[in-house]
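The values are calculated or read from the model by the stated rules, or taken from the named source; none is laboratory data. Just so it is clear, the structure is predicted and the values come from calculations on it, not from any experiment. In this analysis, Cβ positions are derived from the backbone assuming ideal geometry, glycine residues included, and neighbour counts consider all displayed protein chains.
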């Protein structure tokens, strides 16, 4: 019997072997002429400097007014430039504006534009282009998702809501080079916002002549370091150096070629085969391997985002802070980061990620750990919390996450940790992303997985989330003291007072634990050694504006 | 014949209308919202989006508007892209998927039939085992695994073909093979069993008895009759292949229309869901019609009902 089995196994194996041989032979012949024309890395060294990248999804809109999300912004950030821009170190420096001044109350900002700035079609960039672009995004008829990024302007929100006129929006071009901005309330991080893509200008002339200018490369006009010269929808894009850019001598690359590849594994394989110079995002297991091997091409870029779980604060017993805290203290974040998420993420013991400047130093570093993982304490808190709610054990509950292998692995790890550490039984449920959002909004969940990416580089972009009845407060948590601190931080221009208020607020948040922070995201990517000058600002994709190929 | 064709076309249009209506209703009743995102957006922004895409109107009005634009062959805008409409999606994606699907289909039919016939003629001998093991591998190995293996060896290790994207003919080789494996295996198995059945029929014996050569018997009598079940499934197989495979297109970064079907649903992109469903249904209905007509050509015994003798 055994012999027979062995023989048939050998037979099977040999068939497979022969088959693979057949296939190899067949395709070999077909491909011989292709070999010479394959990846042309060598020829490029002498020709134009071309950087080859992957944008993992077709951009939804390359119009600054209606763009949203990283697939859009990665292109926009290189094709356009706002009033200000950021250095690789994150410092805000003059962009289209050469200088600016603020009124004492912090409400009026006057920007003076450079003289030598031009659109990629040669027209001058004027202050009117900024005014036009901002009002375009706020116009309800443009249906811009990111219109709310401009709600800081006086009358901005009202105009977007259809309650005010265009003329009442606080942005005016006094002359070709002077832009006066009036804010609804003092906004200390307004300067940061002026480098964000919703604040980019658009050419009024181009937009009025051809409202569809942004849909094809042929009609695309921008004011940044690169211009879009080819866009094969869902397939590829080409950026070329913009000869009208005022600082063009600082731009080393001649062209940037994007392919649009959805599949992370494919993108990684293209990188390995030398068809791409930089790849982000990477498949999760590849990240883990590269990190473990200390691969020199691997870069762990910073990110402005936090991964957390929402507790539905209206569902018993999760309305009890002790129960929430117990659950939070009973998971091992280091293990999750190291063995499950595997991207070099940072365990989170607060909600504001590192990389945001404080009055002095880094905001998150100054915060430190606002709670600790402690099993004994967790057990005690759980018991007390349950007793307060009149329960003797935690009823079976459900953790909801949006379908994804990565989220699933983390949810399973957390489930196991809670079971082992607290003896808590729970079920996992995965739903489509859109469904999860619907249910969170309707309060139809117990615990849900969430993530938040900061809109601008200030702790407020995170702290603001959990104000009472705030539009993003899916946990339905409310704390008057917290609200008061947020209000203080929002209305004062005194940097020290603001930061203190936000530190205080964050302490309250972590003391009450309406949400359970898990880790701070990172942006792990790989880049070939012949590419230099790529840098990763905390809130955007790797920037190649000053990159070079050696 | 003409009467039959006209009747079928009429029936097809009716089927399409039912499909449109059902899809429209189902789509608006599944949970999820096209504009939802992490956190919620300010109310005004949401309302602006709703009114921009007419989603704030009563469902019946939306349905009317949709049918109206459909009559002008306009599938509407994509809610997720302001640069390409659903028409653009189909216009740019379908030729690509068609190209890929046709190549895959040619591979599948050619090798499927050859393997099937060889297997049946050598029943229970090694060519039979070989073909059927191949067929089992083809059916049981999911095409995303096959695709990954192909890429890993032929593109990364040996660098014979590019990894992905859609630029030249060499870019089409690996995805065509990956896509062809399943239908090829399916056709091979179907052909084999069908051949075995035909070969045991009396008329084959008769043909042999009247002294026809083996080749003639097989080619003229056996294969032709055995093809019928294969032709039946071809309609569906072709419709599936030419409208694109989400997985293969996604892995190889091919700008076909396969992603419409999956991403449309994920994003609750209503016009994309409707557009892809209608387009796919139209193709499927058309191909089934062709298959029905092809029967009469392959097997003259089959008469189209309604045709006068």
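A few notes on this one:
- Any hit, segment B:9-28, residues being within 14 Å of another protein chain (Cβ to nearest Cβ) and surrounded by 16 or more Cβ atoms within 10 Å (Cβ to Cβ): yes
- Qualifying residue in segment B:73-90 (condition: farther than 29 Å from residue A:59 by Cα, at pLDDT 90 or above and within 11 Å of chain A (Cβ to nearest Cβ)): no
- Of all residues in segment A:120-150 being within 14 Å of another protein chain (Cβ to nearest Cβ) and not in a helix (DSSP H, G or I), the one that is modelled with the highest pLDDT: A:139
- For residue A:550: the one exception among (1) touching a helix residue (DSSP H, G or I) at 6+ places or on another chain (Cβ under 9 Å); (2) within 25 Å of residue A:183 (Cβ to Cβ); (3) modelled with pLDDT under 95: (2)
- Every test in (1) in contact with a strand residue (DSSP E or B) (Cβ under 9 Å, 6 or more places away or on another chain); (2) in a loop (DSSP other than H, G, I, E, B) is passed by residue A:188 save one, and that test is (1).
- The number of residues in segment B:29-53 that are more than 8 Å from chain A (Cβ to nearest Cβ) and in contact with a helix residue (DSSP H, G or I) (Cβ under 6 Å, 6 or more places away or on another chain) comes to 0.
- Residue count for segment A:302-338, restricted to those that are closer than 15 Å to residue A:519 by Cα and either within 23 Å of the chain's Cα centre (by Cα) or part of a loop (DSSP other than H, G, I, E, B) (or both): 17
- Members of segment A:156-174 that are surrounded by 20 or more Cβ atoms within 10 Å (Cβ to Cβ) and part of a helix (DSSP H, G or I): A:156, A:157, A:159, A:160
- Test: residue in segment B:11-19 that is more than 25 Å from the chain's Cα centre (by Cα) and over 26 Å from residue A:213 (Cα atoms): no
- Condition met for residue A:153 (touching a residue at least 12 places away in the same chain (Cβ under 8 Å) and either within 14 Å of another protein chain (Cβ to nearest Cβ) or surrounded by 20 or more Cβ atoms within 10 Å (Cβ to Cβ) (or both)): yes
- Within segment A:292-318, the residues that satisfy the criterion of being surrounded by fewer than 18 Cβ atoms within 10 Å (Cβ to Cβ) and in contact (Cβ under 8 Å) with a residue 60 or more places away in the chain are A:295, A:296, A:297, A:300, A:314, A:315, A:316.
- Any pair with Cβ under 6 angstrom, 6 or more apart, that starts in segment B:1-24 at a residue that is touching a residue at least 60 places away in the same chain (Cβ under 8 Å) and ends at one that is surrounded by fewer than 16 Cβ atoms within 10 Å (Cβ to Cβ): B:1/B:307; B:3/B:306; B:4/B:304; B:4/B:306
- The numbered conditions (1) surrounded by fewer than 19 Cβ atoms within 10 Å (Cβ to Cβ); (2) more than 14 Å from chain A (Cβ to nearest Cβ); (3) more than 27 Å from residue B:113 (Cβ to Cβ) are all true for residue B:275 except (1).
- Test for residue A:262: is it buried (at least 23 other Cβ atoms within 10 Å of the Cβ) and under 25 Å from the mean Cα position of the chain (by Cα): no
- Subset of segment A:241-278 (residues that are out of contact with any strand residue (DSSP E or B) (no Cβ under 6 Å at 6 or more places or on another chain), within 11 Å of chain B (Cβ to nearest Cβ), at negative phi and in a loop (DSSP other than H, G, I, E, B)): A:260, A:262, A:263, A:273, A:275
- Restricting attention to segment B:252-262, the residues that are assigned to a helix (DSSP H, G or I) and at pLDDT below 90 add up to 5.
- Among the conditions (1) within 11 Å of chain A (Cβ to nearest Cβ); (2) assigned to a helix (DSSP H, G or I), residue B:178 misses just one, which is (1).
- When restricted to residues that are more than 17 Å from the chain's Cα centre (by Cα), facing chain B (nearest Cβ under 8 Å) and either outside any helix (DSSP H, G or I) or under 30 Å from residue A:488 (Cα atoms) (or both), segment A:438-477 contains 3.
- Scanning segment B:243-268 for residues that are more than 9 Å from chain A (Cβ to nearest Cβ) and either in contact with a strand residue (DSSP E or B) (Cβ under 6 Å, 6 or more places away or on another chain) or surrounded by 22 or more Cβ atoms within 10 Å (Cβ to Cβ) (or both) gives B:243, B:244, B:245, B:248, B:257, B:258, B:260, B:264.
- Considering residues of segment A:401-412 that are surrounded by fewer than 19 Cβ atoms within 10 Å (Cβ to Cβ) and more than 14 Å from every other protein chain (Cβ to nearest Cβ) only, the residue farthest from the chain's Cα centre (by Cα): A:412
- The residues on offer are B:229, B:271, and the sole one that is in contact with a strand residue (DSSP E or B) (Cβ under 7 Å, 6 or more places away or on another chain), more than 17 Å from residue B:97 (Cβ to Cβ) and part of a helix (DSSP H, G or I) is B:271.
- Among the helices (runs of 4 or more DSSP H) confined to segment B:48-167, there are none with at least 2 residues that are without any contact (Cβ under 8 Å) to a residue 12 or more places away in the chain and touching a strand residue (DSSP E or B) at 6+ places or on another chain (Cβ under 9 Å).
- Residues being surrounded by fewer than 19 Cβ atoms within 10 Å (Cβ to Cβ) and within 26 Å of residue A:146 (Cα to Cα) - total across segment B:59-76: 1
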